[in-house]
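One structure is given below, encoded as structure tokens.
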Amino acid sequence: MNDHTMRTALNYPVARDTYKLVLKGAREFAAEAEAGCFAHIRIPRVLARRPISIADADPTDGTLTLIYAVKGEGTRAMSELLVGQEVLALGPLGKGFPVKDYAGKTVWLLGGGLGVAPLLFTARKLYESGASVRAYIGFKNSHYVYGTAELGRYADVRSYTDDGSFGIAGFAVKGMLGDLAAARPHAVFACGPKPMYQALAAGMPQSIPCYISLEERMGCGLGACLGCACEIRGEDGGVHIKRVCADGPVFSLREVVL
Ligand SMILES: Cc1cc2nc3c(=O)[nH]c(=O)nc-3n(C[C@H](O)[C@H](O)[C@H](O)COP(=O)(O)OP(=O)(O)OC[C@H]3O[C@@H](n4cnc5c(N)ncnc54)[C@H](O)[C@@H]3O)c2cc1C
Ligand code: FES
């Protein structure tokens, strides 16, 4: 893990308030990147770094792909990056999804909103490991939908929107839990908002391992400042503080205090 100087190759909107940023000069970063890990990005004129998940990484052409929503100062500045402009990317950081443990097995992915971004890379890595992948993805409405074609190369995709303006009406988590009556995966990998994880925790049989990716505001990104603390239930039944950046962002659903 290093701080890599990269240059903007592409930066364009893929959905409402949502952009795809492709950085080049990322050969070393891409070679080390694992599904569910992130890059801590330093944008020109913005002091603090912003953590963004790896949506794809290709060591052959040295590109790193990020998909981000414009929320505040940092991501607004990111959306204004021009082709050729330099950014610093610290990483790859964090512990991602246990892709290797499920090589050749059946994995269901569950994604909500911006949480679909890391699942694009995860689906590719699972597919390349010989896993059979099904993806349940949900968005607010059709204006926010992205990534379905990319995901479709590696997974059987079921899309949902809250209002039914694209795909099936309703929540992806509900659809996935409903399908458990007919089929069972070896594991579920999820990334999305807290209510999605709460629904997953309430409806998922204990016998199916579930891994979720947590989001917290971050400082150093390296495990040193405790700015990204989260509560994890230990084997002793007690609640312990862990760091999303270094101990996660991926944790087992059963150990996270939601
Ligand atoms: C491990 C990790 C991976 C992430 N991956 C992605 C990704 O792939 N795509 C993406 O769009 N975003 C991702 N995020 C969230 C992203 O880092 C924040 O949206 C971004 O830092 C906001 O910066 P800003 O300067 O635009 O907004 P700020 O001005 O800093 O904040 C704007 C608003 O967003 C809220 N906010 C800021 N950071 C977070 C956070 N981490 N969690 C929840 N709310 C936050 C603030 O409270 C505020 O309301 C990820 C976060 C983490 C921790
Ligand atoms: S951001 Fe500093 S410990 Fe995680």
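The values are calculated or read from the model by the stated rules, or taken from the named source; none is laboratory data. Just so it is clear, the model here is predicted, and its values are computed rather than measured. Neighbour counts are summed over all protein chains in view; Cβ atoms, including those assigned to glycine, are modelled from backbone coordinates with ideal geometry. With ligands, DNA and RNA removed, areas are computed over all heavy atoms of the protein, side chains included. Shrake-Rupley method; radii C 1.70, N 1.55, O 1.52, S 1.80 Å.
Stokes-Einstein diffusion of region 2-93 at 4 °C, 1.567 mPa s viscosity, Kirkwood radius from Cα pairs, rounded to a whole number: 102 µm²/s. Label-to-label distance for Thr60 and Arg184 is 3.8 nm, based on points extended 7 Å past Cα in the beta-carbon direction. Under a model in which nothing but the beta-carbon of Lys, Arg (+1) and Asp, Glu (-1) is charged, the chain shows a dipole of about 240 debye around its Cα centre. In this structure the amide hydrogen of Arg158, modeled in the peptide plane, comes within under 5 Å of the amide hydrogens of Ala135, Tyr136, Ile137, none closer than 5 places in sequence on its chain. Using just its DSSP H runs of length 4 or more, each adding -39500 (n - 2.57), the chain gives a mean residue ellipticity at 222 nm of -5000 deg cm²/dmol after division by all residues. Each Cα pair under 8 Å and six or more residues apart adds its sequence gap; the mean of these over the residue count of the chain is a relative contact order of 17 percent. Taking the longest Cα principal axis of the chain as reference, the axis of helix 194-203 is set at about 20 degrees. Overall, the accessible surface of the chain at a probe of 1.4 angstrom is composed of carbon and sulfur to the extent of 50 percent. Note that region 144-149 has calculated 3J(HN,Hα) couplings of 9, 6, 8, x, 5, 5 Hz, one per residue in order, obtained from phi through the Karplus relation 6.51 cos²θ - 1.76 cosθ + 1.60 (θ = phi - 60°); glycine and proline are x.
Mean sequence separation of contacting Cα pairs (under 8 Å, at least six apart), scaled by the length of region 153-226, corresponds to a relative contact order of 21 percent.
With the largest listed first and rounded to whole Å, the semi-axes of the equivalent ellipsoid of the chain from the Cα gyration tensor are 28, 22, 18.
Considering only alpha-carbon pairs that sit under 8 angstrom and 6 or more positions apart, the relative contact order computed for region 2-93 is 41 percent.
Note on the chain: GNM, Cα springs under 10 Å; of Gln206, Gln198, Gln85, the largest mean-square fluctuation is that of Gln206. Rounded, prolate or oblate: which one fits region 127-193, using the alpha carbon gyration tensor with axes a ≥ b ≥ c (rounded when a/c is under 1.5, else prolate when a/b beats b/c, else oblate)? In terms of gyration-tensor shape, oblate.
Each residue, Lys174 and Glu28, gets one label point 7 Å from its Cα in the Cβ direction; the gap between the two is 4.9 nm. Modelled label positions at Ala103 and Arg16, each set 7 Å beyond Cα in the direction of Cβ, lie 4.3 nm from each other. As a ratio to 2.2 N^0.38 Å, the alpha-carbon radius of gyration for region 179-258 is 1.18. Taking the convex hull of the alpha carbon positions in region 70-218 and averaging its projected area over all directions gives 10.1 nm². The string of couplings for region 105-120 from the Karplus curve (6.51, -1.76, 1.60, θ = phi - 60°) is 9, 9, 10, 9, 9, 10, x, x, x, 5, x, 6, 3, x, 6, 5 Hz, one whole number per residue in order, with x for Gly and Pro.
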